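Nothing in this text is a laboratory measurement; each read-out follows from the coordinates by a stated rule. Just so you know, these numbers come straight off a predicted model, no measurement behind them. Cβ placement follows ideal geometry from the backbone for every residue including glycine, while neighbour counts extend to all protein chains displayed.
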Amino acid sequence: MSISGLDIGLRALAAQQQAIDVLNHNIANANTPGYSRQRIHLVATPPNLVPSLTQMLSRRQVGSGVTAESVDRIRDRFIDFQIQTENRTLGEAQIKKQVYDKLQLVFNEPSESGINSALGQFWGTWHDLSSNPGDRSARSAVLQQALSLTNLINRTYNQLTTTRNDLAAQAALKVADVNSIAARLANLNGQIQRAQLGGAKANDLLDRRDLLLEELSKIIKFNYAVKSDDTIAVFVDGQELVSMTSYRSLTSSLDTSFVLHVQWADNLAEVSPGGGELQGVVTSANTVIASQITSLDSLALQIKNDVNALHATGFDLTGATAVNFFAGTGARDLTIEGAIQASVDKIAAAGQPSAPGDGTVALAIAQLQHLATELDALSELAAGGSLPISGASVQRILTSGASPTTYTITSSGANELTLSAVIGGVPVSQTITISDMAANSSQALEFSSLGITIDLRSGAVAATVADLITDLTDAARDELIVTTRVTVDSAYQQHVAQLGVEARGNDHTVLNELALVGSLQRQWDSISGVSLDEEAANLVKYQRAYQASARVITVLDELLEMVVRGLGVVGRI
């Protein structure tokens, strides 16, 4: 028994009390986001040397108790890094999902109110007009359906541009979030540096810093370096975002070409987000939405150009020709020519002047819905053109061929035409019999083996077989080339299908990343999270150790009291 025993007991009480305080802190923060559980590191204090009568210092050493050397965070840096990496991918994919979901609502396909349905109804009114070209109600139906189609395309364009503007505003918010986090990280750097000057670890400040880094990883790609004093330097796109207690700010802008930029606020140098929600916003604005607007513009121009090319060759009820049906420069302002809106008589349905019952042009426009490929000549023969063939003209050339192929027309008999080509390395040819053509009649030259139909229509003058053969086999006109042409409907359907494929692919990415981040978070919780059951068990352990230490002090106190009282009565009678 010695006075040092009381010191050992006292140190034990202090160590167990500190351990209980750490447990209490863990339990209090069991539901605090980003909090990593802490563990006290208890170590034995240096032993005391016991002197003897024969030696100044004995070789015997007596332990001096215990002390709390440190309080450490339980943290796995590798898991932290993985969570930050997957958060970045997840953040980008989730922003894209929001955009794709919005786009699917904008296009609203398949539905009766979408552009595809409007196109079908538009072609249908032209087909109806071809059957009764003089009927003004049929003409009004064409105009009204055309206006509905153009209004729908205009509205879709406006919704796309609104979405792009919304993304620009969202980019500004994300940039503000990055700047706010950078400012807080710089402030925490100062707090951590001051707190650890005395050698203690600023565990709670470090937890707050790591939580900010996790939030930042959802927004933008970054790298960081931890210094010896536990402060960090954060780098974005190779440039320092946070350095000690200072930080740089980002900004965003939409230029006159509607390209979204992220830049350093101090010098306007371009910044590549590299991932995260900010990258998702930039990619959605500059790639996804931009491609949708481009595709919609292409669709509008194809509708305009295809219909106008045929409409301009026709004649309206007044006998006028060379009149366009559509006006505008793209999806933004596609509309119907003012003259046609003012009078449906200006719709050119006929292929000849002063022929109110002629609906050949209207039919040709209706056939644009299904015309997948045109057969163009190297010289004069052109689809939809008006090449004179002894009083006849080529109205429409249809083919199912999909790749550029050279075709040759020859004649081996008085009333025979042969169409020849090399398809897939194999020579193919077909000979058909043709007939004389009366005035204002038609004849389809069907080369079914090659998938080609040449539709001939005669004018006011009859055409004999000999005339047709002479013109079609003319050396200057007998080589034709197949050019693949996607219909307006097919182009739009492919566009919508591609949008659906991209959206589904992104949805899969979101689901996969959610599962991966969830798995990593569970790993993090198992290592760094607070388990109330484990803390309760440890609390009992440290409580018993505290009680035992207190009991040791009580026993030593009783022994000392006995010695003191005993010494006080020595020699008394």
Counting only residues 5 or more places away or on other chains, whose amide H sits under 5 Å from the amide H of Asn48 once H atoms are built in the peptide plane? Val62, Gly63, Ser64
For Ile303, Ile293, what ranking results if the residue with the fewest other Cβ atoms within 10 Å of its Cβ goes first? Ile293, Ile303
Apply the a/c threshold of 1.5 to the C-alpha gyration tensor of segment 86-153 and tell me whether it is rounded, prolate or oblate. prolate
Amide H of Val428: which non-local residues (sequence gap of 5 or more, or other chain) have their own amide H closer than 5 Å, using H built in the peptide plane? Ala421, Val422, Ile423
With labels modelled as points extended 7 Å from the Cα through the Cβ direction, what inter-label distance (nm, one decimal) is found for Asp345 paired with Ser148? 2.7
Can you give me the C-alpha center-to-center distance between segment 165-196 and segment 341-367, rounded to a whole angstrom? 65
So if R0 is 60 Å, what FRET efficiency would Arg136 and Ala265 give, r being the distance between their Cβ atoms, rounded to the nearest 0.05? 0.45
Only residues of segment 100-117 count here: report those whose backbone N is under 14 Å from the spot 7 Å along Cα→Cβ of Ala497, or say none. 110
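Taking 0.36 nm per residue of separation and subtracting the Cα-Cα distance, what length does fully extending Asp72 through Asp533 add? Provide the component values of the computation, followed by the final result.
Details: separation 461, 0.36 × 461 = 165.96 nm, distance 1.98 nm.
Length gained between Asp72 and Asp533: 164.0 nm.
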What ranking of Val564, Val510, Val226, Val288 emerges when the number of other C-beta atoms within 10 Å of each C-beta is taken as an exposure proxy, fewest first? Val564, Val226, Val510, Val288
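Only counting other Cβ atoms within 10 Å, I'd like Val234, Val43, Val465 sorted with the fewest neighbours first.
Arranged by neighbour count, lowest to highest, Val234, Val43, Val465 become Val43, Val465, Val234.
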